[in-house]
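S.K.: Once you've had a glance at the structure underneath, I'll fire off some questions.
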Amino acid sequence: MNDTPGWASPGSAPSDDQKAGVPRPSEPVDGSGPAGNWSSTQPPAGQWSPPSSSAPGPGTPPPAPGWGGRRPQGPGWGGRPDAAKPGVIPLRPLGIGEILDGAVSTMRAHWRTVLGITLAVSVVAQTANILVQRYLLPEPPSVDADATGSEALRQAADSLQSSLTNSAPPLLITMLATIFTTAVLTVVISRSVLGRPVTLSDAWAEARPRMLPLLGLTLLLALIAAAIMTAGLLPGFLLGDTAGVGLAFLGLLAACVVLLWLMVRFCLASPALMLERQSITASMRRSAKLVRGAWWRTFGILALTWLLTLVVTLVIGIPFGIIAMVVDGGGMGAFLTDDANSFGWPFLIVSGIGDVVVSTITYPLSAGVMALLYVDQRIRREALDLELARAAGLPGYDNRS
């Protein structure tokens, strides 16, 4: 059990053996798990307190107003439970629309903090990307369209190597920007769930100690992805010829399936690492427990979020891209020849502004959905809504024996 300030580690939580989606409004909650572990004093805003010695014993339902520890029901038998809403989400299992609405509501409620984080990070990241594209990327190798046999294979390998080399710096910059925004915005969202204000300095003070572990988690997941893709493609490249191409294609498909399954399985590792003060490996195990039995639902929510992000990117990015090519006559030629060094400054600056606008919107949306999906899974499995109600100071949810 993690005894540091932050969200209490659940240890052997109900997610070990309780399936997701099981209705719990009338179920007793074991006080030895996370439910019942709030201290009688108010924890710091947006954080979990260490386990309390005054928690109810095993088998004792956590109290709720007037219902002997059971959540108040809505009208009629089997109705949707009424739920308090101290912050951006109601304290009950969430629907997909409520998760998305909670992410957007966080952006509206804390727009100064959210905008300050995302805009600053986006400007720095895009400036670095522009400088890298302009000065550091190597010239792409020349390709002979009439080449055949081994020469064509060599040119294809050189072109692939060049593409990977050119994409590595922007990917690294984007990864660092995502880590920073995810860390700080997760803290903002944890406060917004409880309806508490948060400043940029407060969010940064809470997120800073977790930056290096979050970086380690991100690098570990990236290494796992690289290893899976290498294992899928390497046999085909070693075999060569036509059969090798077919084998590489099949290996790529298999690797993508495995990678997708693992990435969804570990998608809640970042919130667990940030909010429960978990280690890297413990946060990955924690994510696997929370996603178990809810993989398809989690995948659907993440896919919908990705689709919304893509729509925002296209709606904003395409006009900026057109404007960039109009103001810079060389932009279209560089785009068609895939020569980043031929981009003019007007093209890079205008397209960079478009990327900043896109990132400022999509960063908090993605971070919000991920954090609220984590909260939703804990509500469904571990009665976290009771703990959040106590943390928010709602009447009737204080610890009583």
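S.K.: What number goes with the only condition from (1) modelled with pLDDT of 95 or more; (2) closer than 22 Å to Pro93 by Cα that Met284 does not pass?
M.R.: Condition not satisfied by Met284: (2).
S.K.: Can you find even one residue in the range 161-175 that is over 14 Å from the mean Cα position of the chain (by Cα) and not in a helix (DSSP H, G or I)?
M.R.: No: the range 161-175 contains no residue that is over 14 Å from the mean Cα position of the chain (by Cα) and not in a helix (DSSP H, G or I).
S.K.: For Val264, only one of the following conditions fails: (1) modelled with pLDDT of 95 or more; (2) surrounded by 15 or more Cβ atoms within 10 Å (Cβ to Cβ); (3) hydrophobic (A, V, I, L, M, F, W, C); (4) more than 30 Å from Val357 (Cβ to Cβ). What is its number?
M.R.: Result: Val264 fails condition (4) only.
S.K.: Kindly indicate whether any position in the range 307-315 is at pLDDT below 95 and buried (at least 18 other Cβ atoms within 10 Å of the Cβ).
M.R.: no
S.K.: How many of the residues making up the range 225-255 are more than 22 Å from Leu171 (Cβ to Cβ) and of a type in the set (Val, Ile, Thr)?
M.R.: Selection size over the range 225-255: 2.
S.K.: Same structure, new question: Kindly evaluate Ala324 against the criterion of being more than 30 Å from Met274 (Cα to Cα), at pLDDT below 85 and among the hydrophobic types (A, V, I, L, M, F, W, C).
M.R.: Values: more than 30 Å from Met274 (Cα to Cα): yes; at pLDDT below 85: no; among the hydrophobic types (A, V, I, L, M, F, W, C): yes.
So Ala324 does not fit the description; no.
S.K.: Condition first: assigned to a helix (DSSP H, G or I) and modelled with pLDDT under 65. Now tell me which residues in the range 116-153 satisfy that.
M.R.: Correct list: Gly149, Ser150, Glu151, Ala152, Leu153.
S.K.: Assuming Phe347 fulfils every condition listed in (1) under 25 Å from Val315 (Cβ atoms); (2) modelled with pLDDT of 90 or more; (3) of a type in the set (Phe, Trp, Tyr) apart from one, which condition is it?
M.R.: Result: Phe347 fails condition (2) only.
S.K.: State whether the residues of the range 74-85 include one that is among the hydrophobic types (A, V, I, L, M, F, W, C) and modelled with pLDDT of 90 or more. Talk me through it step by step, then tell me what you get.
M.R.: First pass over the range 74-85, keeping only residues among the hydrophobic types (A, V, I, L, M, F, W, C): 77, 83-84.
From the residues that got through so far, the ones that are modelled with pLDDT of 90 or more too are none.
The answer is no, given that none of the residues of the range 74-85 is among the hydrophobic types (A, V, I, L, M, F, W, C) and modelled with pLDDT of 90 or more.
S.K.: Ok, one more. Can you find even one residue in the range 234-243 that is among the polar types (S, T, N, Q), farther than 24 Å from Thr118 by Cα and not in a helix (DSSP H, G or I)?
M.R.: Scanning the range 234-243 turns up no residue that is among the polar types (S, T, N, Q), farther than 24 Å from Thr118 by Cα and not in a helix (DSSP H, G or I).
S.K.: Same structure, new question: Would you point out which residue out of Thr182, Thr186 is out of contact with any His (no Cβ under 8 Å at 6 or more places or on another chain), closer than 19 Å to Leu262 by Cβ and crowded, with 20+ Cβ neighbours inside 10 Å?
M.R.: Being out of contact with any His (no Cβ under 8 Å at 6 or more places or on another chain), closer than 19 Å to Leu262 by Cβ and crowded, with 20+ Cβ neighbours inside 10 Å holds for just one of Thr182, Thr186, which is Thr182.
S.K.: Assuming Gln278 fulfils every condition listed in (1) at pLDDT 90 or above; (2) of a type in the set (S, T, N, Q); (3) not in a helix (DSSP H, G or I) apart from one, which condition is it?
M.R.: It is condition (1) that Gln278 fails.
The values are calculated or read from the model by the stated rules, or taken from the named source; none is laboratory data. Quick caveat, the model's predicted, so the values are computed rather than measured. Neighbour counts are summed over all protein chains in view; Cβ atoms, including those assigned to glycine, are modelled from backbone coordinates with ideal geometry.
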